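The values are calculated or read from the model by the stated rules, or taken from the named source; none is laboratory data. From a predicted model like this one, the values you see are computed outputs, not experimental measurements. Methodologically, a virtual Cβ is constructed for each residue, glycine included, from the backbone with ideal geometry; neighbour enumeration extends over all protein chains shown.
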Amino acid sequence: MSGGHPVYDHKKRLEWFRSAEFAIRWRIIPGLFLAAAAIAYLYFYSGFAEVTAVITSVERSCVARKSKGTLKSRRVETRDIDCALLETPLACDLERQGFRFDVSSDVTFNYTSPVNGRRLQGFGTVGEADLAPGDRIRIGASTSKPHVYMVDW
């Protein structure tokens with residue numbers, strides 16, 4: 001039967017399906033997730049303005065953390081320690097035992113609201129340890145609600 005209907009090629013059809021499946025699974029779906037994440041990020045952060053805040057008080061907190069167990073059954077042992085101990089030989093002993101130190105600062109600060117221009121007070125935890133009263137930090141203040149802010153800006 002020459003000149004009739006073309007012969008259906010199963011191998012060619014399977015090859016096309018596999019290439020389409022690859023494109024959908026590894027290119028299109030991750031691209032959609034990234035686009036959704038970018039839109040959510042822009043939507044959330046577009047309502048905030050970068051503002052300079054003046055620190056009024058600082059309280060340093062130090063925590064020693066140690067992970068135990070396997071990846072599935074991981075337990076974390078934490079100990080609140082005095083920050084002055086970080087400069088002593090006890091800190092070296094804790095490091096040898098597998099502890100990791102996290103130092104953060106609980107700060108109180110004043111900032112000017114971009115909504116109504118009033119001076120407001122805020123609280124937050126900053127990862128920087130060497131802050132002092134009078135230092136300036138950048139925060140994100142809401143452009144629609146006067147008392148809403150983000151310290152991890």
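See the values below:
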read-out: Residues within the stretch 83-104 that are basic (Lys, Arg) and either surrounded by 15 or more Cβ atoms within 10 Å (Cβ to Cβ) or in a strand (DSSP E or B) (or both), tallied; value: 1
read-out: Selection from the stretch 105-136 of residues that are under 18 Å from the mean Cα position of the chain (by Cα) and surrounded by 16 or more Cβ atoms within 10 Å (Cβ to Cβ); value: Ser105, Gly124, Val126
read-out: Residue match in the stretch 31-42 (condition: in a strand (DSSP E or B) and either modelled with pLDDT of 85 or more or under 26 Å from Ser142 (Cα atoms) (or both)); value: no
read-out: Filter result for Ile39 (touching a residue at least 12 places away in the same chain (Cβ under 8 Å) and aliphatic (A, V, I, L, M)); value: no
read-out: Filtered residues of the stretch 47-57 (kept if over 13 Å from Arg136 (Cβ atoms) and more than 17 Å from the chain's Cα centre (by Cα)); value: Gly47, Ala49, Ser57
read-out: Residue in the stretch 113-127 that is touching a Cys at 6+ places or on another chain (Cβ under 6 Å), among the aliphatic types (A, V, I, L, M) and in a strand (DSSP E or B) present; value: no
